[in-house]
Amino acid sequence: MYSYNEFDKDFIQNRVHQFRAQVERRVDGSLTEDEFKPLRLMNGLYLQLHAYMLRVAIPYGTLNGAKMRQLAFIADKWDKGYGHFTTRQNIQYNWPKLSDVPDMLQALADVDMHAIQTSGNCIRNVTADHFAGAAADEVEDPRPTAELLRQWSTDHPEFAFLGRKFKFAVTGSENDRAVIKAHDVGLRVVRNQTGEIGYEVIIGGGLGRTPMIGKVLREFLPRADLLPYCEAIMQVYNALGRRDNKYKARIKITVHENGIEKIKELVEERFIVQREAFGGYDQVLFADIKAAFAAPDYINAYTDGFEASVKTDPALRSFVDTNLSQHKKSDYAIVTISIKKHGQTPGDATSDQMRVMADLAEKYGHDELRISHEQNVILPHVHKSHIPAIYAELRKVELATANIGLISDIIACPGMDYCALATARSIPIAQQIATRFDELKLENDIGELKIKISGCINACGHHHVGHIGILGLDRAGVESYQITLGGDGTQTATIGKSAGRGFSYSEIVPAIERLVYAYLDIRQNTEETFLETYRRLGLEPFKAALYPETRIAAE
Amino acid sequence: MARAYTPKVLTANRLLEGDVIYYGTNDDWVLAHDEALYLTDEVQANDLLAAAHKQAGFLVGAYLADAILEDGKPVPTHFREDFRTRGPSNYDHGKQAEV
Ligand code: HEM
Ligand code: SF4
């Protein structure tokens, strides 16, 4: 794993000292809240509904046992014994006290972690495919690219005060697990006809109140041109992006208003200038970074024991069927740990659970862990012979739920249970849907189905790209939930379509149930997924299930 | 046309702890919504809000929130404010767990 160099360490340490002094000055009254707020936000500290919230970056979702254990320690010492993993591969602590935050940041710095650029109008924590370095379908591990971008964008003076926040995501596979088309800039590592490695560059994607699917800016960008090209994009955005209206400030609007062709022309123009300015040092750096992401020392062992256990233990088999993904080495597997036991808060892990995951990573997982944008934790490199032991340990701490990719594997933003911007709750809806379908014992029959819930139009819960999206709104002082259908966050990214009028808090779970029963009735066969059925038949049959009263009225 | 004034309570978050507080009946700040001072007079409400903004060393984000009286005690009218009196609803671990 990439380790911080002296420069990184000093930088982080200095920020902790600075922030400690800033908090002291806020508390003794020499800074007003208006002066302090931008400073705390630069260090990931928000004020939510019930308390402060500290958002900690987990760059490209990668961490090791020591870091995970430190996250658990922080949760116990300064918070309420748990943390919330988010769709942006961050962890959020929901109950820190202002005066403790400098100590929390120090504890993070001790393990080379921080909360910098997790907020504010800057380039945010760069996210990547959570199967990076392990996936069977990968052209190349996207994390060295993400790390290069992190180093380039951290504290970059030209991009510290952008018109709006700016998010990069990187994938190394054809199958997009990083939702790159819903980011300001999405990069996909590709090979051209001659076998040379480079990037497909996508810009102008985003969710929020104006959801947009990103557009291709360059089909093939040679590797060496990455930073000058990204710098050119940022300069064009900085010059052209709107600052008159916060809702029109993201690059998706800049692209939409100016057209991709115009943006392309301007970026290519700036790029020629920028390329001169980069002397090639970035490529030396890249080579060093890449070496730090070398594959682990894989072990050689038999897998017969594993295969025999799977045959005899149905619970293990069910876990293996849903929570394992194909590793590039055939005797290895990628294990996804669901932190979405039915009825629990999606993405929450207790400190005890974090410590167990840290232990498992160290003992069986080459000391690697990943956080996925789907709010789960991943052991990317597990020799199959260790899976029964891992499963047994996970069961002890309620982490063995076999529901990855199924209806209860829901993304839910914090919503009105925590977030100050929320217009409705999202977590309890996720809890109820998961509990309901678990009771119905329908989950496995339904198969792959992604439900994503946001508690306001900002769309932190990715509802626009959920097969079923749920958006919580405040309609005349009452929670109201709108359903969108057919969204997709992968390489075939699509924004979901609104299904019609909203449902109240008590109506929404039954509405989802009707929707799912309709799907089970009209699918061609058990292989056809919800999304495929929707694509074949469109909104109408689902609308009829959602609003039976309109059907009766029409008859 | 200006909207008619509706009764309010004055609320904020404590600077250090971040937890929700209300302006109480004894010129103090209290944790329980039903101990908040019920503000039926718009001028008084705005004066108290302006004064609260000056208490920057103690609180953050002061504002006036709608309330009605039930059994002689102020109760929030909007669900957001109702949640703020208790804590998260996914499971009890906010203020509701402490009382
Ligand atoms: C205090 C809590 C939060 C605040 C104040 C907040 C604020 C916002 C805002 C204002 C936007 C809209 C940006 C725009 O359209 O320009 C947004 C988008 C987004 N946020 Fe959050 N958010 C919070 C929590 C979270 C959490 C917990 C996650 C991860 C689960 C998250 C992930 C995202 C994502 C993925 C988007 C949409 C992508 C985009 O267009 O940027 N946010 N957030
Ligand atoms: S979608 Fe809205 S409610 Fe949910 S976390 Fe984002 S800002 Fe808060």
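The values are calculated or read from the model by the stated rules, or taken from the named source; none is laboratory data. As the structure is a computational prediction, the values presented were derived from the model and not from experiment. Note that each Cβ is placed from the backbone with ideal geometry, even for glycine, and that neighbours are counted across all protein chains shown. Heavy atoms of the whole protein, side chains included, go into the accessibility calculation; ligands, DNA and RNA do not. Shrake-Rupley method; radii C 1.70, N 1.55, O 1.52, S 1.80 Å.
Quick check on my filter: what residues within the stretch A:437-478 are more than 12 Å from chain B (Cβ to nearest Cβ), open to solvent by 40 Å² or more (accessible area, probe 1.4 Å) and more than 16 Å from ligand 1 (Cβ to nearest atom)?
Matches in the stretch A:437-478: A:Asp438, A:Glu439, A:Leu440, A:Lys441, A:Asn444, A:Asp445, A:Glu448.
Of everything in the stretch A:444-496, what is part of a loop (DSSP other than H, G, I, E, B), within 12 Å of ligand 2 (Cβ to nearest atom) and closer than 19 Å to A:Gln89 by Cβ? Give them in sequence order.
First pass over the stretch A:444-496, keeping only residues part of a loop (DSSP other than H, G, I, E, B): A:447-450, A:455-462, A:466-467, A:476-477, A:486-487, A:489-493, A:495-496.
Narrowing the set further to residues that are within 12 Å of ligand 2 (Cβ to nearest atom) leaves A:455-462.
Result: A:Asn458, A:Ala459, A:Cys460, A:Gly461, A:His462.
Taking the criterion of being within 16 Å of ligand 1 (Cβ to nearest atom), touching a residue at least 60 places away in the same chain (Cβ under 8 Å) and either within 14 Å of chain B (Cβ to nearest Cβ) or in contact with a Phe, Trp or Tyr (Cβ under 8 Å, 6 or more places away or on another chain) (or both), would at least one residue in the stretch A:391-405 satisfy it?
Of the stretch A:391-405, the ones within 16 Å of ligand 1 (Cβ to nearest atom) are none.
For the stretch A:391-405, residues within 16 Å of ligand 1 (Cβ to nearest atom), touching a residue at least 60 places away in the same chain (Cβ under 8 Å) and either within 14 Å of chain B (Cβ to nearest Cβ) or in contact with a Phe, Trp or Tyr (Cβ under 8 Å, 6 or more places away or on another chain) (or both): absent.
Quick test for you: out of A:Ala430, A:Ala420, A:Ala434, pick the one residue that is closer than 20 Å to A:Gln92 by Cα, within 14 Å of another protein chain (Cβ to nearest Cβ) and open to solvent by less than 20 Å² (accessible area, probe 1.4 Å). Show your work before the answer.
Values: A:Ala420 fails: open to solvent by less than 20 Å² (accessible area, probe 1.4 Å); A:Ala434 fails: closer than 20 Å to A:Gln92 by Cα.
From the options A:Ala430, A:Ala420, A:Ala434, the qualifying one is A:Ala430.
Suppose we keep only residues that are of a type in the set (A, V, I, L, M, F, W, C) and within 16 Å of ligand 1 (Cβ to nearest atom) within the stretch A:406-417. Which one would you say is farthest from A:His50 (Cα to Cα)?
If we filter the stretch A:406-417 for residues that are of a type in the set (A, V, I, L, M, F, W, C), which is where we start, we get A:406-407, A:410-413, A:416.
When the remaining residues are screened for being within 16 Å of ligand 1 (Cβ to nearest atom), the result is A:410-413, A:416.
Working: A:Ile410: 24, A:Ile411: 22, A:Ala412: 19, A:Cys413: 16, A:Met416: 10 Å.
Only one residue tops the list, namely A:Ile410.
Looking at the stretch A:15-33, can you tell me whether even one residue there is under 30 Å from A:Asp141 (Cβ atoms), in contact (Cβ under 8 Å) with a residue 60 or more places away in the chain and open to solvent by 10 Å² or more (accessible area, probe 1.4 Å)?
Looking for residues that are under 30 Å from A:Asp141 (Cβ atoms), in contact (Cβ under 8 Å) with a residue 60 or more places away in the chain and open to solvent by 10 Å² or more (accessible area, probe 1.4 Å), one finds at least one in the stretch A:15-33, hence yes.
Before we move on, is A:Asp76 away from ligand 2 (no atom under 16 Å from the Cβ), open to solvent by 10 Å² or more (accessible area, probe 1.4 Å), acidic (Asp, Glu) and touching a residue at least 40 places away in the same chain (Cβ under 8 Å)? Give the steps one after another, and end with the answer.
Working: away from ligand 2 (no atom under 16 Å from the Cβ): yes; open to solvent by 10 Å² or more (accessible area, probe 1.4 Å): yes; acidic (Asp, Glu): yes; touching a residue at least 40 places away in the same chain (Cβ under 8 Å): yes.
Yes, satisfied.
Okay, residues lined up against (1) under 23 Å from A:Pro59 (Cβ atoms); (2) in a loop (DSSP other than H, G, I, E, B); (3) at pLDDT 95 or above; (4) not small (Gly, Ala, Ser):
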{"position": "A:Glu269", "(1), (2), (3), (4)": "no, no, yes, yes"}
{"position": "A:Arg275", "(1), (2), (3), (4)": "no, no, no, yes"}
{"position": "A:Gly279", "(1), (2), (3), (4)": "no, yes, no, no"}
{"position": "A:Ala295", "(1), (2), (3), (4)": "yes, yes, no, no"}
{"position": "A:Glu307", "(1), (2), (3), (4)": "no, no, no, yes"}
{"position": "A:Ser318", "(1), (2), (3), (4)": "no, no, yes, no"}
{"position": "A:Pro346", "(1), (2), (3), (4)": "yes, yes, yes, yes"}
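I'd like to verify a number: residues in the stretch A:235-282 that are of a type in the set (Asp, Glu) and open to solvent by less than 100 Å² (accessible area, probe 1.4 Å), how many?
Step one: filter the stretch A:235-282 for residues of a type in the set (Asp, Glu), giving A:244, A:257, A:261, A:265, A:268-269, A:276, A:282.
In the following step, the residues that additionally are open to solvent by less than 100 Å² (accessible area, probe 1.4 Å) were identified as A:257, A:268, A:282.
Total meeting the criteria: 3.
Among the residues of the stretch A:481-503, are any within 14 Å of chain B (Cβ to nearest Cβ) and surrounded by fewer than 20 Cβ atoms within 10 Å (Cβ to Cβ)?
Scanning the stretch A:481-503, I find no residue that is within 14 Å of chain B (Cβ to nearest Cβ) and surrounded by fewer than 20 Cβ atoms within 10 Å (Cβ to Cβ), so the answer is no.
Kindly indicate whether any position in the stretch A:424-440 is closer than 30 Å to B:Gly94 by Cα, within 16 Å of ligand 2 (Cβ to nearest atom) and of a type in the set (Val, Ile, Thr).
So in the stretch A:424-440, the residues closer than 30 Å to B:Gly94 by Cα come out as A:424-439.
Among the residues that remain, those that are also within 16 Å of ligand 2 (Cβ to nearest atom) are: A:424-431.
Now drop any that are not of a type in the set (Val, Ile, Thr), which leaves A:427, A:429.
Checked the stretch A:424-440: at least one residue is closer than 30 Å to B:Gly94 by Cα, within 16 Å of ligand 2 (Cβ to nearest atom) and of a type in the set (Val, Ile, Thr).
Got a sec? Which strands (runs of 3 or more DSSP E) wholly within the stretch A:156-220 have at least 2 residues that are within 16 Å of ligand 2 (Cβ to nearest atom) and within 14 Å of another protein chain (Cβ to nearest Cβ)? Working first, answer last.
Numbers: elements: A:168-171, A:185-191, A:197-203.
Because the criterion is at least 2 residues that are within 16 Å of ligand 2 (Cβ to nearest atom) and within 14 Å of another protein chain (Cβ to nearest Cβ), no strands (runs of 3 or more DSSP E) in the stretch A:156-220 meet it.
What tally of residues in the stretch A:435-473 results from selecting those that are under 23 Å from the mean Cα position of the chain (by Cα) and more than 23 Å from A:Gly500 (Cα to Cα)? Don't jump to the end; show me each part of the working.
Residues of the stretch A:435-473 under 23 Å from the mean Cα position of the chain (by Cα): A:447-473.
Now drop any that are not more than 23 Å from A:Gly500 (Cα to Cα), which leaves A:447-448.
Adding up the residues that qualify gives 2.
Listed here are the residues, each with its yes/no results for (1) in contact with a Phe, Trp or Tyr (Cβ under 7 Å, 6 or more places away or on another chain); (2) of a type in the set (A, V, I, L, M); (3) in contact (Cβ under 8 Å) with a residue 60 or more places away in the chain; (4) surrounded by 24 or more Cβ atoms within 10 Å (Cβ to Cβ).
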position	(1), (2), (3), (4)
A:Pro142	no, no, yes, yes
A:Gln151	no, no, yes, no
A:Ala160	no, yes, no, no
A:Ala169	no, yes, no, yes
A:Glu174	no, no, yes, no
A:Ile180	no, yes, no, yes
A:Val190	yes, yes, no, no
A:Thr194	no, no, no, no
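So B:Trp29 passes all but one of these: (1) surrounded by 14 or more Cβ atoms within 10 Å (Cβ to Cβ); (2) closer than 12 Å to B:Ala65 by Cα. Which condition number does it fail?
(2)
Go through the stretch B:52-64 and give me each residue that's surrounded by fewer than 19 Cβ atoms within 10 Å (Cβ to Cβ) and modelled with pLDDT of 95 or more.
Kept after step one, since they are surrounded by fewer than 19 Cβ atoms within 10 Å (Cβ to Cβ), are these residues of the stretch B:52-64: B:53-58, B:61, B:63.
Hit for the stretch B:52-64 is B:Tyr63, nothing else.
Name the residues in the stretch A:452-472 that are touching a His at 6+ places or on another chain (Cβ under 7 Å) and either hydroxyl-bearing (Ser, Thr, Tyr) or closer than 17 Å to A:Tyr534 by Cβ (or both), would you?
Let us first name the residues in the stretch A:452-472 that are touching a His at 6+ places or on another chain (Cβ under 7 Å), namely A:452-454, A:469-471.
Within the stretch A:452-472, A:Lys452, A:Ser454, A:Gly469, A:Ile470 qualify.
Scan the stretch A:320-344 residue by residue and report those that are open to solvent by less than 30 Å² (accessible area, probe 1.4 Å) and not in a loop (DSSP other than H, G, I, E, B).
Listed by number, the residues that qualify are A:Val320, A:Thr322, A:Asn323, A:His327, A:Tyr332, A:Ala333, A:Ile334, A:Val335, A:Thr336, A:Ile337.
Taking the stretch B:65-95 on its own, how many of its residues are surrounded by fewer than 16 Cβ atoms within 10 Å (Cβ to Cβ) and at positive phi?
2
Looking only at the stretch B:1-22, which residues are farther than 21 Å from A:Lys97 by Cα and either open to solvent by 80 Å² or more (accessible area, probe 1.4 Å) or under 15 Å from the mean Cα position of the chain (by Cα) (or both)? Even if it seems obvious, please write down each step before you answer.
So in the stretch B:1-22, the residues farther than 21 Å from A:Lys97 by Cα come out as B:1-10.
Matches in the stretch B:1-22: B:Met1, B:Ala2, B:Arg3, B:Ala4, B:Thr6, B:Pro7, B:Lys8, B:Val9, B:Leu10.
Being more than 16 Å from A:Asp348 (Cα to Cα) and within 12 Å of chain B (Cβ to nearest Cβ) narrows it down to one residue among A:Leu39, A:Leu98, A:Leu105, A:Leu63; which is it? Give the steps one after another, and end with the answer.
Numbers: A:Leu39 fails: within 12 Å of chain B (Cβ to nearest Cβ); A:Leu105 fails: within 12 Å of chain B (Cβ to nearest Cβ); A:Leu63 fails: within 12 Å of chain B (Cβ to nearest Cβ).
Of the residues listed, the single one that is more than 16 Å from A:Asp348 (Cα to Cα) and within 12 Å of chain B (Cβ to nearest Cβ) is A:Leu98.
Given (1) away from ligand 2 (no atom under 16 Å from the Cβ); (2) open to solvent by less than 50 Å² (accessible area, probe 1.4 Å); (3) touching a strand residue (DSSP E or B) at 6+ places or on another chain (Cβ under 8 Å), where does A:Ile289 come up short, assuming only one miss?
(3)
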